[in-house]
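Everything on this sheet refers to the single structure shown next.
Readers should treat all values here as calculations from the given coordinates under stated rules, not as data from a laboratory. Predicted model, so just to flag it, every value in this text is computed and none were measured. As a convention, Cβ positions derive from the backbone with ideal geometry for all residues, glycine included, and neighbour counts pool all protein chains shown.
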Amino acid sequence: MDKPKKIVNVIVHDRPNVLVKLVSFFEKRGFKIENINLVKTEKPGISKYIIIISGENKNIGKFSKQLYKFVETIDVNFL
């Protein structure tokens, strides 16, 4: 049975190792990244990652708060 998929938009400051930290963040919480896209924004130094993840997460609010603690994170949206 396929696990539920979620789309996560994460807006971050462009800094070294942001992608590595994002991948590690999701992996440590038991999510599989199905797809990841990087989109440059109009603001220099700011990027948007569109990430499709699969896995069970019963507490999206807690998950979102943890992602905000991620130093480079500016905004998080779940679709």
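Neighbour counts of other Cβ atoms within 10 Å put 47, 54 in the fewest-to-most order 54, 47. The base-10 log of I(q)/I(0) for the range 5-78, evaluated at q = 0.11 Å⁻¹, reads -0.24 [Debye formula, identical scatterers on Cα atoms, solvent excluded].
For residue 6, the lysines whose Cα comes closer than 23 Å to its Cα, not counting residues fewer than 8 places off in the same chain, are 21, 28, 32, 40, 48, 58, 62, 65, 69.
Each of 3, 28 was scored by other Cβ atoms within 10 Å of its Cβ. Listed from fewest to most, they are 28, 3. Between residue 3 and residue 36, the distance separating the two model label sites (each 7 Å from Cα on the Cα→Cβ line) works out to 1.5 nm. The longest part of the chain holding none of the exposed loop GluC sites (Glu not before Pro), meaning those outside H, G, I, E and B in DSSP with at most 13 other Cβ atoms within 10 Å, is 1-41.
Between residue 20 and residue 60, the simple label model (points 7 Å from Cα in the Cβ direction) yields a spacing of 3.1 nm. Restricting the chain to chymotrypsin sites (Phe, Trp or Tyr not before Pro) that sit in a DSSP loop and have at most 16 other Cβ atoms within 10 Å of their own Cβ leaves 70.
Go ahead and run the numbers for FRET between residue 27 and residue 50, Cβ-Cβ distance against an R0 of 25 Å, rounding to 0.05.
Working: r = 18 Å, r/R0 = 0.71.
Efficiency at R0 = 25 Å is approximately 0.90.
From Cα pairs below 8 angstrom and at least 6 apart in sequence, can you work out the relative contact order of the chain, rounded to a whole percent?
On the way: 127 pairs, mean separation 36.7, N = 79.
Relative contact order for the chain comes out at 46 percent.
Rounded to the nearest 20, the size of the Cβ-charge dipole of the chain about its Cα centre is 260 debye, with Lys and Arg at +1 and Asp and Glu at -1.
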